1. Give, in nm to one decimal, the length gained when the segment between I208 and N164 is fully stretched (0.36 nm per residue of separation minus the Cα-Cα distance).
2. Modelled label-to-label distance, K193 and S149, 7 Å Cα→beta-carbon offset: nm?
3. Quick one: dipole size for the range 78-171, taken about the Cα centre, charges +1 on Lys/Arg Cβ and -1 on Asp/Glu Cβ, in debye to the nearest 20.
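Readers should treat all values here as calculations from the given coordinates under stated rules, not as data from a laboratory. No experiment lies behind these values; they were computed from the predicted model shown. Ideal geometry is used to build each Cβ from the backbone, glycine not excepted, and the neighbour counts take in all protein chains shown.
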Amino acid sequence: MIRKMAAVYGYTRDWLFNLGLLKKLRAERYAMELTFLQSQVDPQFLFNSLNNLCALALDEGSPKTADGIAKLGTLMRYNLQDAQAELVPLSKEINYLEKYIELQQLHTSPQTELEFNLQINKLGQYEGEKIAPMLLIPFVENAFKYGLSSIVPTRIYIGLELSNERLMLTVENDIVSMLQDRVNKGFGLETVKKRLALRYPGRHELLIREEDGVFAIQLEIDLRS
């Protein structure tokens, strides 16, 4: 009887140990996968923007060049420093979006109607809110990548709203590229979908639609931890 109890005890102890080890391995795998996905979010627009700024500097000795370089420096610092954190202040993520949009405007055609609508329904205060870094930029980047034209008028709309700790991003752009399918299947959006599933399981909703020549996404995230 004692031997049986000792055997049961030993089996139970080993089972609990293995269960704990399994949970630890799963947690480590989750952390490694999330870090891997985050490390892949390194937008190519940084290099494209540098080329555009160089062309601008060659064409004219303008304060726009210095301003553009300063904005680009802000973006690069965010990529190299803040973007490696698990969470960042929402204010930094919004500032990143603003600087990116301003930088894109340096080479956006006058025919492009661009609107960035920022609404914070919290008396303008959102310093305490946090979000996973580089989560919003792929949607905005794709709007510029596939919604700009130097030939025909186009429209890009970017709306960001915070209400009751729920963040809502809306991005709409006219489709002017024959490669629009790459937006749906592209690496950038597939990666951010995985990050959303890992970081905000059951706490986000992403809708993607294409209708009447317009590509649109609506993303809602519950920021409550």
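1. Working: separation 44, 0.36 × 44 = 15.84 nm, distance 2.35 nm.
Going from the current span to full extension adds 13.5 nm.
2. 2.7
3. For the range 78-171, the charge dipole is close to 160 debye.
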